[in-house]
Every structure is written in C-alpha cells, then in structure tokens.
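Just so it is clear, none of the values below were taken in a lab; they were calculated from the coordinates. Just so we're clear, the structure is a prediction, and the values are computed from it rather than from any experiment. Here the Cβ is made from the backbone with ideal geometry for all residues, glycine too, and neighbour counts use every protein chain on show.
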Amino acid sequence: MSTATATTQTQQTQAETEIRQLIDNWTQAFLAKDLDGIMAHYAPDVVAFDAIIALQFKGIEAYREHWAQCLTFCQGAMKFELHELDITAGEDVAFSHSLSHCGGTNEEGEEQACWMRGTVCYRKLDGQWLVTHEHFSAPFDMESGKALFDLAP
C-alpha cells in the first residue's frame, strides 16, 4: 500500500469516527429534548427535507423553529435508534444513510414511533463536521397517498 493510500484511509477512518461521534451527540441531545444541543450540529445554511410539516427548511433559524415544534409532539420519553448506518467520508465532505426508529410517548405513556429513512450530508467547516443537508422520509402507497408508517426492516 502506498503512503498516499494509507494516509487517505486514515483520514477516512478519522472522519468516520468523528461523524459517528457527531451522530451520537445529536442522538443524546434529541433524547434529552435539548434544542440547543440538537441545533449545535447543523451548519448555518442547512437545508432539510423533514418528513413532516413542510416541504423544506432553509437555514438554521427555520430548522430550529421546526425542531422546537417537533419536540412538543411527545410528552414523555423520546426514542431514536439508528439501524444499518453507513458512512462515506472524504477529507471535508461526507454522507450517511440509515433507517431510524423515531418517536416518543404520548400523555397516556403509549409509544408513538415509526421507521423512517434518512440521508445526511456533512461538511467539515473550520475543523468541525456539521450537517449541511438532512432528509428524512417514509415510503407511501401510490394508490391511497398514505404514508406507510407501519413498515419495518
């Protein structure tokens, strides 16, 4: 293996490790309903395609307002589990895709969660990985137009 190849593999491994840490930190902030902690992981010019409420969110302030509203949907404990996480990382750009089981509990303590698909794009800005694009979605039935929230991997 050449020195350049070894250096590139080390950089990718380091980038993947840093992105996994970002994902873990974001998850902990989400589970704690910590809005500032959640938003700390996004670039100022983030563009997000979330599964609910709007077609898109442009900029950190618009996405912050969305997240503030989302955190009010569940009264009890939050749930966010990633499955089949795959990360591809370069020196300053990366992306990941996964399946997530996301939701929380309502006033009666009943779990309200579903499986979603997620793709996230990252850029390394001033030495820190930040989310620049996030896309969560659920498949839907073409005939009825209804989202298929009961699917599972």
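Return one number: the angle in degrees, 0 to 90 and rounded to the nearest 10, between the long axis of the Cα atoms of helix 60-70 and the longest principal axis of the Cα atoms of the chain.
Taking Cα atoms only, the helix is inclined about 40 degrees.
Report the semi-axes of the equivalent ellipsoid for the chain in whole Å, largest first, where each axis is √(5λ) for an eigenvalue λ of the Cα gyration tensor.
29, 18, 15
Need the C-alpha centroid separation for segment 113-153 versus segment 52-78, integer Å.
Between the Cα centre of segment 113-153 and that of segment 52-78, the gap is 14 Å.
Leu85 to Ile53: extension gain in nm, 0.36 nm per residue of separation minus the Cα-Cα distance?
Gain in length upon complete extension: 9.0 nm.
Quick one: which of 110-122, 135-147 comes out on top by average Cβ neighbours within 10 Å, and what's the full order, highest first?
Per-residue mean Cβ counts within 10 Å order the peptides as 110-122, 135-147.
Output wanted: per-residue J couplings in Hz (rounded whole) for segment 143-153, from phi through Karplus 6.51 cos²θ - 1.76 cosθ + 1.60, θ = phi - 60°, x for Gly and Pro.
6, 8, x, 8, 5, 9, 7, 8, 6, 9, x
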